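Remarks on the structure that follows.
The values are calculated or read from the model by the stated rules, or taken from the named source; none is laboratory data. Please read all numbers here as calculations on a predicted model, not as lab measurements. Here Cβ is always computed from backbone atoms with ideal geometry, including for glycine, and neighbour counts include all displayed protein chains. Accessible surface is based on the protein model in full, side chains and every heavy atom, while ligands, DNA and RNA are left aside. Shrake-Rupley method; radii C 1.70, N 1.55, O 1.52, S 1.80 Å.
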Amino acid sequence: MSTDIFGIGIETSCDETGIALIKNGNQIIANPLFSQIKTHMLYGGVVPEMASRLHLEKFPSMLEDLMKYREFREVSYIAVTVQPGLIGSLLIGYHIALALKKVLNVPLIPIHHLEAHLYASQLTGKILEYPFLGLLLSGGNSAIYRVDGLGNLSLLGDTLDDACGEAFDKAAAMLHLPYPGGPEIEKQAYRFAQQNVHGKISNPLPVLLRDQPKNKYQFSYSGLKTALYYFLQNNPSYDVNFICWCFQERAFEIVEKNIKNAIENTGIRKLSAAGGVMANQNLKKRLSLLAEKNKFEFITPCRELCTDNGAMIGALGFLYYQDKPEYDYQNVISSKPVFNS
Ligand code: KG4
């Protein structure tokens with residue numbers, strides 16, 4: 001008899017509909033994902049009512065596809081994102097999970113979306129030993145956590161104003177680039193870098209590293225945004241590839257500095273990073289080099305698993321299932337935090 005443990009991960013907290021079938025917490029059997037981005041980009045951001053309706057529309061066929069897998073009948077748990085997120089969207093995933101729980105008669109495990117991002121790296125097959133540092137860079141968060149165990153996280157630093165991804169989105173809007181801005185800025189910056197491989201480049205955007213004590217790891221992007229705004233006002237015939245490169249450089253210098261300080265001060269030599277912005281290959285490369293130079297281990301999942309997905313929910317669900325298979329799932333959609341931060 002097989003000792004493998006299969007689980008389902010459900011993600012509907014924002015504008016991605018995801019349901020995944022996971023084996024032993026680190027192998028993906030199936031991870032279908034529907035991104036609503038094409039709908040929301042018409043409005044320059046996520047429209048909550050539309051997000052809920054699209055989850056409702058897409059979920060039945062995605063579930064049906066997943067049910068074709070033999071492993072679906074062997075699942076031992078269902079993990080579902082319960083917070084944070086758009087309440088209408090969360091409720092759809094949660095109620096589908098409740099229905100599945102009744103049918104399959106397995107435990108339902110409520111998952112905190114941000115915690116799942118920090119554990120998405122275990123889908124690379126690597127084991128995350130405690131303590132480790134968790135970096136979360138997305139449209140709503142720029143944060144560094146110290147992770148000492150399941151649900152045992154301390155927030156070491158976050159943003160004073162915009163999240164990193166939000167800053168990319170707003171910068172892209174100023175540059176008349178489509179939403180979401182991050183991938184677009186990365187593309188344009190890459191084009192510039194390809195054409196200037198050897199040249200020394202002078203960046204007109206200021207270095208905006210906060211003058212803060214070494215044991216503080218706060219992010220701030222409003223100064224960079226303002227600098228970009230005035231640069232564009234004063235240089236109407238700017239080269240978009242060049243300015244994207246400049247913005248990306250400055251945005252990631254802030255990330256690098258905070259990570260370097262956090263590694264030095266905590267003495268923790270393992271970093272797990274995820275969230276939409278970590279899909280950026282330039283950032284991945286920069287953090288890999290920083291890790292090499294400062295002798296710490298840097299783990300991040302592939303591009304597709306950095307953004308929202310069902311697999312990371314199923315992966316974290318596996319750890320909770322092993323830790324405490326019987327969960328009180330009642331009233332989990334509430335203001336009560338699943339983890340303390
Ligand atoms: O984690 P995520 O998919 O979802 C939410 O936070 O809702 O992150 C989305 C954010 C957006 O702000 C987007 O512009 C940013 O991640 N992003 C990127 C890249 N891909 C997505 N930022 C920089 N470079 C990228 N390649």
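Which FRET efficiency, nearest 0.05, do Leu98 and Arg191 yield, Cβ-Cβ r, R0 51 Å?
Numbers: r = 47 Å, r/R0 = 0.93.
With R0 = 51 Å, the Cβ-Cβ based efficiency is 0.60.
The calculated FRET efficiency for the pair Asp148 and Leu289, based on their C-beta separation and a Förster distance of 30 Å, comes to about 0.65. Under the combined filter of DSSP loop state and at most 13 neighbouring Cβ atoms within 10 Å, the stretch 212-269 retains these trypsin sites (Lys or Arg not before Pro): Lys214, Lys216. Loop-resident trypsin sites (Lys or Arg not before Pro) (DSSP state other than H, G, I, E or B) in the stretch 27-98 with no more than 16 further Cβ atoms inside 10 Å of their Cβ: Lys68. For the chain, the longest principal axis of the C-alpha atoms and the axis of helix 310-323 are separated by about 60°. Close amide H pairs (under 5 Å, H built 1.01 Å from N) link Ile109 with Ile78, Ala79, Val80, residues at least 5 positions away or on another chain.
Ordering 20-29, 185-194 by mean Cβ neighbour count within 10 Å, with the highest value first, yields 20-29, 185-194. Dividing the helix sum by the residues of the chain, where each DSSP H run of 4 or more adds -39500 (n - 2.57), gives a mean residue ellipticity at 222 nm of -13500 deg cm²/dmol. Mean sequence separation of contacting Cα pairs (under 8 Å, at least six apart), scaled by the length of the stretch 194-278, corresponds to a relative contact order of 40 percent.
Annotation for Asn235 and Asp158: the two label points, set 7 Å from Cα along the Cα-Cβ direction, are 3.4 nm apart. Listed by chain and number, the lysines placed with their C-alpha closer than 28 angstrom to that of Lys58 are Lys23, Lys38, Lys68, Lys101, Lys102; residues fewer than eight positions away on the same chain are left out.
Spin-label pair Asp65-Asn282: with each label point 7 Å from Cα along the Cα-Cβ axis, the two points sit 3.3 nm from one another.
Dividing the C-alpha radius of gyration of the chain by 2.2 N^0.38 Å, with N its residue count, gives 1.01. The fraction of accessible area contributed by carbon and sulfur in the chain is 52 percent, rounded to a whole number (1.4 Å probe; ligands and nucleic acids excluded). To test your reading of the geometry: what angle, between 0 and 90 degrees and rounded to tens, separates the Cα axis of helix 164-174 from the longest principal axis of the chain? Compared with the principal axis, the helix lies near 50 degrees. Remark: C-alpha extents of the stretch 128-300 on the principal axes read 51, 33, 29 Å, sorted largest to smallest. Normalised by the number of residues in the chain, the average gap of Cα pairs under 8 Å and 6 or more apart makes the relative contact order 25 percent. Return the FRET efficiency for the residue pair Arg269, Lys38: r is the Cβ-Cβ distance, R0 is 51 Å, and the value is rounded to the nearest 0.05. Step by step, r from the Cβ atoms, then E = 0.80.
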